[in-house]
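The values are calculated or read from the model by the stated rules, or taken from the named source; none is laboratory data. No experiment lies behind these values; they were computed from the predicted model shown. Here Cβ is always computed from backbone atoms with ideal geometry, including for glycine, and neighbour counts include all displayed protein chains.
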Amino acid sequence: MRGRGTLLLMPRPAKAVAGAVAALLLWALLNATLPHGAPAGIILSGLVFGAINSLVAVAIVLVYRANRIVNFAAAEFGSVAAVVAIELHIQVGVNYFGSVAAGMVLAAALGAVIELTILRRFVTAPRLIVAVVTIGLAQILNGASVVIPYEWHRGNAGTFTTPFTAHFYVFPVLFSGDYVLAMIAAPLVLVALTWFLRATHYGVAIRAAADNRDRAQLLGVPVRRLSTIIWTITGLLSALAVLLRVPILGFASFTSVSDGGAPLLLMTLTAAVVGGMTSLPVTVLAALGLGVVDQLSNWTFRDGTYVDVALLGTVLFMLLVKRGTLSRAADSAVSTWQAIRPVRPVPPELATLRSVRLGRFALMTVLLVVALTLPYVLPPARTQLAALIVIYAIVACSLVVLTGFAGHISLGQVAFMGLGAAMTSLLIGRHGVDMFVALAIGAAVASVAAFVVGIPALRISGPFLAVTTLAFAVTAAQYFLNPLYFPWLKATDQLPPLSVFGRVALNSDRQMYFLCLFTLVVVLTAVRGLRASHAGRAMIAGQENRLAAQSFAIDTTRSHLAAFAVSGAIAGLAGGLFVIQQQGYAAGEFSALQGLQFFTMVVIGGLGSLSGAVLGAVYVYGVQYLLPPGWSLLATGAGIVGLLMFLPGGLGDLVYRGRDAALRLIAARRGLVVPNLLADTSLSERDQTMPVPLRLITDGDDGAEASSRVPVKVAADVQA
């Protein structure tokens with residue numbers, strides 16, 4: 001099993017020697033050309049961190065090879081167990097080895113339990129949906145890792161270090177016992193994993209299932225049991241990475257779905273992508289190389305931000321180069337968002353009924369009255385929160401266009417919002433441009449940026465597009481939207497007083513809320529109009545079946561890029577409103593974490609529903625502002641996982657189910673049978689709503705019997 005795509009960790013000896021020689025030559029070149037050289041201590045520390053990161057990257061590749069899932073929760077699978085182990089050592093006094101052993105056992109058990117109770121329910125689901133489930137799991141596990149230590153010691157944290165005192169110095173780094181343990185443990189674990197995959201029956205079965213899952217299942221390989229083993233290994237590798245990293249970098253260094261941890265997630269994903277999501281040796285070498293590059297960047301520039309820019313380029317390059325291999329694997333597992341159910345309009349048979357029209361008018365009136373009176377009953381602080389939720393609901397509408405209509409998963413929508421915010425604040429704060437003109441230009445700039453990002457997305461789809469957009473979000477937050485690298489952003493941190501058409505001053509939270517609400521109504525109307533237009537139908541057709549849409553002369557490339565452009569414009573408009581509402585630009589507000597939360601809210605609300613997107617924004621940011629940080633992550637993560645398990649259509653689907661139930665009652669009362677309302681009901685419900693008996697005509701029925709049967713009274717006959 002030494003062919004292409006092998007799961008072996010140890011490369012061939014000849015290749016290893018050649019790689020070592022090439023690495024030494026590269027080191028000599030860097031040492032001679034970099035301003036501060038490339039000291040051996042920096043290289044060694046990079047290899048240490050790269051080895052730790054390789055544990056998580058290997059877990060990502062294992063899961064992808066076995067299940068065709070991009071696991072966005074790879075770093076978090078062991079975080080809860082590692083936190084428990086650390087707390088046992090710090091608070092309870094359990095010795096280091098006992099606490100680590102307890103943490104590893106808990107990590108293995110947690111990985112197996114999550115696979116058996118949650119992930120196994122999605123065996124037949126599209127792999128892209130399961131990737132979204134891992135985003136929810138990441139938030140749940142990350143929230144738990146925040147809540148556990150706080151509830152345990154109420155903020156009185158201690159330190160977690162290894163008991164080893166061995167140390168040595170290699171300029172300019174003092175390598176303590178914590179480093180020494182990582183140098184020993186990480187390679188030993190990788191060697192042990194190699195032995196497991198090569199020498200054990202389960203390891204051989206895992207390799208066979210990774211090469212061809214369906215064939216392995218036909219040959220009697222226990223594929224589901226192997227999946228449990230792989231997720232158990234994921235928990236072990238993740239926990240070990242945390243327990244090795246925390247003594248060196250600190251307790252908050254391992255979270256990957258947090259403000260500081262998204263670059264860590266991106267680094268491990270990049271290593272996995274360089275390995276083609278298949279080759280563990282290449283993945284390990286890539287992780288080691290990225291660790292060295294990161295440390296060299298910090299040494300040379302005193303800043304690791306340039307590494308994030310390089311990671312974005314690396315991800316794009318590798319995905320485009322390996323497009324054939326990755327797209328075939330992805331297309332075999334996920335071709336579209338099959339869980340997205342388009343919102344069904346009110347059937348034309350019922351839309352003209354007076355009771356339906358009055359009900360719709362009454363509901364819209366109630367919602368409008370509530371929205372308009374809300375700032376008069378809320379205190380100013382809550383009114384400000386309501387305005388923020390409205391702004392985030394506008395961002396949710398942009399994701400409905402991109403993901404709900406066009407089927408492209410995006411974790412980088414926050415970058416488009418940030419670009420619109422930066423441009424709007426620049427035009428208003430420095431050049432004194434009219435507010436509405438600045439908002440329009442900011443939206444246009446974000447639209448162009450989204451269009452550019454959408455061009456490589458023509459060749460990258462599914463979960464790999466999610467990796468690309470995450471890389472773009474991290475790079476934008478760390479570099480493009482950072483005033484440290486673009487000083488002109490510093491001059492826009494305080495906007496002058498603004499007004500609407502020079503008449504109505506925006507000097508209160510209430511007035512700002514009404515401006516945001518008006519914009520949301522305009523955006524909702526525009527997106528609903530797009531959905532009903534030819535362009536919107538082309539987007540949806542391309543999402544559901546690209547080849548079939550092309551056979552009807554639909555230009556899927558144009559509709560694809562149009563979805564990116566429209567989505568970026570809406571997100572940029574929301575960013576402009578955000579800086580106006582905040583009265584200034586702050587780069588920290590557009591972190592990659594926000595991009596994950598944006599995607600979270602539309603999944604919870606329902607990707608196929610505009611009203612669901614608004615509900616998702618209310619839920620996610622309501623719990624974020626009303627609950628402590630850890631508990632809010634638990635709530636949003638549980639919302640994703642729970643809804644995808646029991647209500648795939650999200651909160652919006654629940655609303656429309658209630659609407660359809662009411663419509664069925666109206667139809668039954670009037671003696672109408674509306675076929676598309678009965679399609680989602682059970683047979684017993686259909687029997688209750690059928691106004692007259694219905695019997696199917698079989699081949700044995702004669703014409704007389706058929707003609708004497710009571711006919712079904714359909715709505716079309718009533719209208720005629």
Residue check for L411: part of a helix (DSSP H, G or I) and of a type in the set (A, V, I, L, M, F, W, C): no
>> Condition first: surrounded by fewer than 14 Cβ atoms within 10 Å (Cβ to Cβ) and modelled with pLDDT of 80 or more. Can you find one or more residues in the range 461-473 that meet it?
In response: no
Wholly inside the range 501-559, helices (runs of 4 or more DSSP H) that include 1 or more residues that are modelled with pLDDT under 80 are 534-544, 546-551
Restricting attention to the range 606-620, the residues that are at pLDDT 85 or above and hydroxyl-bearing (S, T, Y) number exactly 2
In the set G588, G584, G608, G622, the lone residue that is touching a Leu at 6+ places or on another chain (Cβ under 8 Å) and either assigned by TED's automatic domain parsing to the domain that holds L484 or under 30 Å from A535 (Cβ atoms) (or both) is G584
Every listed condition ((1) surrounded by fewer than 23 Cβ atoms within 10 Å (Cβ to Cβ); (2) out of contact with any helix residue (DSSP H, G or I) (no Cβ under 7 Å at 6 or more places or on another chain); (3) more than 20 Å from I580 (Cα to Cα)) holds for L374 save (2)
